[in-house]
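Report on the structure given below.
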Amino acid sequence: MPIDSYKFLPRSMRTMYESTPAIDEPPVWTPLPKPVQQCTIALMTSAGVFLKDSQEGFDEERERQEPTWGDPTYRVIPRDVRQEQIGCSHLHISHASLLEDIDVVLPFRAFTQLEKEGAIGRLADEAYSFMGYQDRRLEDWRNVQGPELAARLKERAVDVLLLAPA
Amino acid sequence: MLARVIESLGIPTVTVTMVPDLAQKFRLSRIVGVEFPFGHSFGTPHNDALMLKVARGAVQALAEAGEPGYRLDIDAEWPVPLEVAYKTWHPPKPSPIVERMLKARQQP
């Protein structure tokens, strides 16, 4: 039974999403290079989280000045991050739950458990965070951040990226 | 959509999303749907059983998917009443774009 994609959304957003046409581009596909039990998996969230003690937050001020713009940069979050290090800059969602428990968007404990069980090869040492309100054409991500992140993942022998749009 | 960028650069992706219908329109490779409010991809704070259930779904998707457009919906009810959960994800004040749209709507 398919879930209701719009259960928690106001009617205006449901209408907007339901009327969004499918993109006119072919699907993308990269097969897993090995069985998932041997894969290194990295986590990524669009919740706009960052490390308060060592990183800048995302640029909320420019978005306030230019409401159609969203900060395209990303932050690296180590898997052993402590909850008290977590900050959040995202003007489109509540921060309350993730500031209480970062695992609601970056589930480090669950994937550590799967690693212990042998259901996956390894949870990567670092996760990634960006701010999900982006220009739909994703010009920056196509040209700058995407290639940069893909190279970073390959350098670290990451086999799979799990994305969790917030 | 970011998943498309990364996947096209040679890294397989799986996307855990609250809006799987939209992810299908974006023609993502592997989709895991959760009927949760925004900002809560894996569940409620400290609910490790629910987080693990969603994580297992993502691993299942990676193991099973053989072609693009794969979708697996997680059978998990949000553990908070709808009238409360509906407000759970909203920011304290409308985002700049929503504020602009609301202002535009008020103008004659």
Report summary line: Reported set for the stretch A:52-61 where residues are surrounded by 13 or more Cβ atoms within 10 Å (Cβ to Cβ) and assigned to a helix (DSSP H, G or I) is A:60
Query raised in the report: Among the listed residues B:76, B:65, B:85, B:55, which satisfies the condition of being of a type in the set (A, V, I, L, M) and either loosely packed, with under 11 Cβ neighbours inside 10 Å or in contact with a strand residue (DSSP E or B) (Cβ under 7 Å, 6 or more places away or on another chain) (or both)?
Result: B:65
Report task. For the stretch B:68-84, name all the residues that are among the acidic types (Asp, Glu) and within 7 Å of chain A (Cβ to nearest Cβ). Result -> B:73
Report task. Select from the stretch B:81-107 the residues that are closer than 18 Å to residue A:59 by Cα and of a type in the set (Val, Ile, Thr) and list them in ascending order. Result -> B:97, B:98
**Report entry** Criterion (more than 7 Å from chain A (Cβ to nearest Cβ) and aliphatic (A, V, I, L, M)) met by exactly one of B:49, B:55, B:3
**Finding:** B:49
Query raised in the report: Looking only at the stretch A:96-120, which residues are part of a loop (DSSP other than H, G, I, E, B) and surrounded by fewer than 19 Cβ atoms within 10 Å (Cβ to Cβ)?
Result: A:118, A:119
Query raised in the report: Is there a residue being among the polar types (S, T, N, Q), over 16 Å from residue B:17 (Cβ atoms), out of contact with any His (no Cβ under 7 Å at 6 or more places or on another chain) and outside any loop (DSSP other than H, G, I, E, B) anywhere in the stretch A:11-27?
Result: yes
Query raised in the report: Using beta carbons and a limit of 6 Å, which pairs, at least six apart or on different chains, have the first residue in the stretch B:19-45 and under 11 Å from residue B:72 (Cα atoms) and of a type in the set (Lys, Arg) and the second one assigned to a loop (DSSP other than H, G, I, E, B) and modelled with pLDDT of 95 or more?
Result: B:30/B:65
**Report entry** Single match in A:78, A:31 (criterion: at the interface with another protein chain (Cβ under 9 Å from one of its Cβ atoms), at pLDDT 95 or above and at negative phi)
**Finding:** A:31
Query - Subset of the stretch A:62-89 (residues that are assigned to a strand (DSSP E or B) and within 20 Å of residue A:100 (Cα to Cα)) - result: A:75, A:76, A:77, A:78, A:86, A:87, A:88
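The values are calculated or read from the model by the stated rules, or taken from the named source; none is laboratory data. Quick caveat: nothing in here was measured; it's all calculated off a predicted structure. Because the Cβ atoms are built from the backbone with ideal geometry, glycine has one as well, and the counts that use them run over all protein chains shown.
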